[in-house]
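Step one of this worksheet: look at the structure below.
Bear in mind that the values in this text are calculations on the coordinates, not laboratory data. In this text, all values refer to a predicted model and were calculated from it rather than measured experimentally. Note that we place each Cβ from the backbone using ideal geometry, even for glycine, and neighbour counts take in every protein chain shown.
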Amino acid sequence: MKTLINAVLIVTLSILVPATVFAKVPCEETLKDVRSARADAKLNDAGTAKVDELITKGIDRCNADDDNRANDFFKDAMTAMGK
């Protein structure tokens, strides 16, 4: 009986945990963080161009309601800024 209860608990948690732990972050919130980091970043010309391009791509995806891809671009921009 204890094994059955444990199995049910594991199955239940495997369904609920991803929905809460991996909840999608709105790209608008991520963009605020990226813009703040960009304002403080010390980049050379090539770095500035790369970061600005990634942010622009992210904004395009965010405007298209594609939060996951937008956040991927924003994450790449943060990485390029060393954040």
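Of the listed peptides 47-58, 69-80, 28-39, what is their order by residue-averaged count of other C-beta atoms within 10 Å, with the highest listed first?
In decreasing order of mean packing, 47-58, 69-80, 28-39 become 69-80, 47-58, 28-39.
By how many nm would the segment from Asp40 to Asp60 lengthen if fully extended, with 0.36 nm per residue of separation less the alpha-carbon distance?
Details: separation 20, 0.36 × 20 = 7.20 nm, distance 2.28 nm.
Full-extension gain reported as 4.9 nm.
Pairs of alpha-carbon atoms within less than 8 angstrom and 6+ residues apart define the contacts here; what relative contact order does the stretch 25-83 have, in percent? Please report the intermediate quantities before stating the final value.
Values: 54 pairs, mean separation 27.6, N = 59.
This gives 47 percent for the stretch 25-83.
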